[in-house]
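Below is one structure, written out as structure tokens; comments come after it.
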Amino acid sequence: LAKTTQPISMDSYEGQEVNITCSHNNIATNDYITWYQQFPSQGPRFIIQGYKTKVTNEVASLFIPADRKSSTLSLPRVSLSDTAVYYCLVVRLTGANNLFFGTGTRLTVIP
Amino acid sequence: DTAVSQTPKYLVTQMGNDKSIKCEQNLGHDTMYWYKQDSKKFLKIMFSYNNKELIINETVPNRFSPKSPDKAHLNLHINSLELGDSAVYFCASSLTGFTEAFFGQGTRLTVV
């Protein structure tokens with residue numbers, strides 16, 4: 001599976017839009033991009049998954065360019081409760097043992 | 001109802017002991033996982049298992065073994081505990097290896 005690279009940390013003020021970019025240069029045709037969120041002392045929680053272009057749900061949007069070598073998780077109008085670690089994963093459509101977590105991006109929302 | 005539950009939540013034990021962590025999911029999922037999150041917060045997959053296949057991360061010592069009495073349970077047995085085994089262990093499940101995974105609340109293991 002393609003290795004992912006993300007910024008180690010980011011800070012943002014409350015109410016701002018936050019964009020976290022993930023690089024996955026060796027992504028394969030059968031691979032999807034998935035993002036998880038982890039709060040302190042909790043297990044990770046699924047946020048969003050996409051293959052190409054744009055995916056939006058009630059929590060976030062995911063932008064994937066045509067070459068799919070990177071992706072951007074967009075969190076609109078963050079609040080203090082969005083402070084967490086955000087993980088970008090590449091998961092394969094078939095097969096098991098897919099969920100490899102990288103170092104993640106620690107987002108700190110400042111009042 | 002908790003989707004993925006682990007017991008115990010905290011476990012303190014001495015070096016050399018053998019211990020087990022239990023995991024149960026009520027989601028009807030076919031795939032279950034165990035992860036280890038160390039003090040540096042790196043989340044490392046240890047095992048993934050479905051009713052057909054057990055995949056072991058090759059870096060996991062053979063002192064760790066998953067045991068699945070049925071599809072809803074995947075317990076983690078650890079023999080001869082070492083100080084370096086101290087970490088938070090997460091159980092997770094998903095319908096397939098591709099779909100959304102649900103994580104338990106974690107078990108904080110401290111080896112003294």
Could I have the simple spin-label model distance between A:THR5 and A:ARG77, label points 7 Å from Cα toward Cβ, reported in nm to one decimal? 3.5 nm
In Å, descending, principal axis extents of the Cα set of the protein assembly as shown: 49, 40, 34
DSSP beta bridges in chain B, what fraction antiparallel, as a percent rounded to 5? 90 percent
Might you report the magnitude of the Cβ-based charge dipole of the protein assembly as shown about its Cα centre, with Lys and Arg at +1 and Asp and Glu at -1, to the nearest 20 debye? 260 debye
Any number yet on Rg/Rh for chain B, C-alpha, Kirkwood? 0.94
Can you work out the Karplus-derived ³J(HN,Hα) for every residue in the stretch B:69-84? Use 6.51 cos²θ - 1.76 cosθ + 1.60 with θ = phi - 60°, whole Hz, and x for glycine or proline. x, 7, 5, 8, 10, 9, 8, 10, 9, 10, 9, 6, 4, 10, 4, x
Using the Karplus equation 6.51 cos²θ - 1.76 cosθ + 1.60 (θ = phi - 60°), what ³J(HN,Hα) coupling, rounded to whole Hz, does each residue of the stretch A:59-65 give in order, writing x for Gly and Pro? 9, 7, 10, 10, 10, 10, x
Sorted from largest down, what three extents in whole angstroms do the Cα atoms of chain A have along their principal axes? 41, 30, 23
Go ahead and collect, in residue order, the members of the stretch B:27-50 whose backbone nitrogen is under 12 Å from a label point 7 Å along the Cα-Cβ direction of A:LEU93. none
The answer for trypsin sites (Lys or Arg not before Pro) in the stretch B:11-112 that fall in a DSSP coil and have at most 12 neighbouring Cβ atoms within 10 Å is B:LYS40, B:LYS52
A:TYR36: net charge of surrounding residues, Cβ under 11 Å, Lys/Arg +1, Asp/Glu -1, itself excluded? 0
Take every Cα-Cα distance within the stretch A:54-110, group them into 10 Å bins from 0 onward, and report for each bin the whole-number percent of pairs it holds. 19, 44, 32, 5, 0
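Throughout, read-outs are computed from the coordinates displayed, never taken from laboratory work. Only a predicted model underlies this, so the values are computations on that prediction, with no experimental measurement involved. Please note: Cβ atoms are built from the backbone with ideal geometry, for glycine as well, and neighbour counts cover all protein chains shown.
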